[in-house]
Ligand SMILES: O=c1ccn([C@@H]2O[C@H](COP(=O)(O)OP(=O)(O)O[C@H]3O[C@H](CO)[C@@H](O)[C@H](O)[C@H]3O)[C@@H](O)[C@H]2O)c(=O)[nH]1
């Protein structure tokens, strides 16, 4: 009979899929041949997301590691969902019987089932098959701590965080002003809040939560979760889990990298807003004006608004989006790249000295890995909380503040040009002299993160403990009665 396998159920978005897959591969390698990895691939709900997943699967299937991919049958899409996370949770729920059948049909004994943070309805399949189940949490431990607290917070909130006075107690963080609460759960009257609360409750049913973080990054939060004041699952902090493409680099480096090659060290501010982030036309104009006035070199990944009912941004038309004369005025010191860019190659380039980011957790970790300080520009999801943590708790970022102005009857929130200019100047302040504290702190955190995943480091040790636990469990549940 084939050896035991770990079954992984990753979510389809780039920020989740690659992170979970990389974590699965680390378990596989740490297992030293004791376990293989089986990835159950859910059909992503849109064509564009499905093609991104397929590209990752093709590349990983050729990696030579003991990873098998199995596609799950398609299901009907739920309708009438108010928000992305609600859609995701209800879509996943519909897969429960397919997942159970797929796991039950595997030729290998199953060592453990690992599901994405939005896939907790699938814990039932593991329980029904008497298999140990873990959750892979691709975001911050602070967001996990908040999700675990949502049931008790519901009683404290009249409407939601948006109407709340005072601060929110997120275990292990300094008091959080309500404006930094994840936008996906500002109001408790929306279905999204119910779903996050549902997942938070279910986390405690898992054998453990594997987080993409480390003691060095979020030690206080990890300690606060484990302090016994409320029910909490075991946490395995094995991060930073960052995926690096192992395929040989192209003969000709990417155009962005070639442009960076011609810039002085630590002189360029890089701007990128994740896999689905984009700015509207008015915001693009403010950002352009601020960048121009800052006088700094920049590499800006500019995306256009999604089109055709798909939530992915389109390639931008800089001529249409940027203010007249901007490209001419910044020629030689600025580059605008209108489509997907090789973010990790850029952040790892010596010419990059700062990162204006939407604060997706993978982007934050990648920036810290390379010791690049950030300016925070959260857009959606849990990014406002990540931004707060990066500025107020870790000290590795400067904040970009929004101004809210009246626009007819509605309120409109914008990061104004003067704020961009101020924050970019502060972010790019050189080491020593007017040194940015965030730069020094980011360099320290970079060293700590790299050490954490090396032999003898905290995350390396946590990974080894987790694999030993999984292997012991296999021995337990496959032993004859
Ligand atoms: O032009 C681009 C844009 C993005 N990336 C990569 O895409 C990933 C983006 O991940 P992340 O920064 O986490 O952003 P999202 O894709 O927006 O991630 C989702 O998942 C994260 C992890 O749960 C959450 O923190 C975010 O809020 C959520 O939007 C990173 O690896 C980037 O390097 C590129 O390589 N090139």
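The values are calculated or read from the model by the stated rules, or taken from the named source; none is laboratory data. None of the values given here were measured: they were computed from a predicted structure. We place every Cβ from the backbone using ideal geometry, glycine too, and count neighbours over all the protein chains shown.
Strands (runs of 3 or more DSSP E) fully within segment 301-416 that include at least 1 residues being in the same structural domain as residue 172 (by the TED database): none found. From (1) away from the ligand (no atom under 16 Å from the Cβ); (2) surrounded by 21 or more Cβ atoms within 10 Å (Cβ to Cβ); (3) at positive phi, pick out the condition that doesn't hold for residue 288. Unmet for residue 288, out of (1) away from the ligand (no atom under 16 Å from the Cβ); (2) surrounded by 21 or more Cβ atoms within 10 Å (Cβ to Cβ); (3) at positive phi: (3). When residue 332 is tested against (1) more than 9 Å from the ligand (Cβ to nearest atom); (2) at pLDDT 95 or above, exactly one condition is not met: (2). Set side by side, the residues 472, 465, 450 differ, and just one is modelled with pLDDT under 95 and assigned to a helix (DSSP H, G or I), which is 472.
Cβ-Cβ contacts under 6 Å between residues 6 or more apart (or on different chains), taken from a first residue in segment 343-360 that is without any contact (Cβ under 8 Å) to a residue 40 or more places away in the chain to a second residue that is within 13 Å of the ligand (Cβ to nearest atom), are listed as 348/370; 359/376; 359/378; 359/383; 359/386; 359/387. The single condition among (1) touching a helix residue (DSSP H, G or I) at 6+ places or on another chain (Cβ under 7 Å); (2) in contact (Cβ under 8 Å) with a residue 60 or more places away in the chain that residue 264 does not satisfy is (1).
Give me the helices (runs of 4 or more DSSP H) completely within segment 122-232, filtered to those with at least 3 residues that are within 16 Å of the ligand (Cβ to nearest atom) and in contact with a strand residue (DSSP E or B) (Cβ under 9 Å, 6 or more places away or on another chain), ordered by residue number.
Correct list: 141-156.
Residues that are within 18 Å of residue 117 (Cα to Cα) and at pLDDT 95 or above were ranked within segment 1-16; the one that is nearest to the ligand (Cβ to nearest atom) is 11. Selection of first residues in segment 460-478 that are within 17 Å of residue 210 (Cα to Cα) and not assigned by the TED database to the domain that holds residue 110 and of second residues that are in a helix (DSSP H, G or I) and at pLDDT 95 or above, restricted to Cβ pairs under 9 Å at least 6 apart or on distinct chains, gives an empty result. In the set 270, 278, only one residue is assigned to a loop (DSSP other than H, G, I, E, B) and within 16 Å of the ligand (Cβ to nearest atom); that residue is 278.
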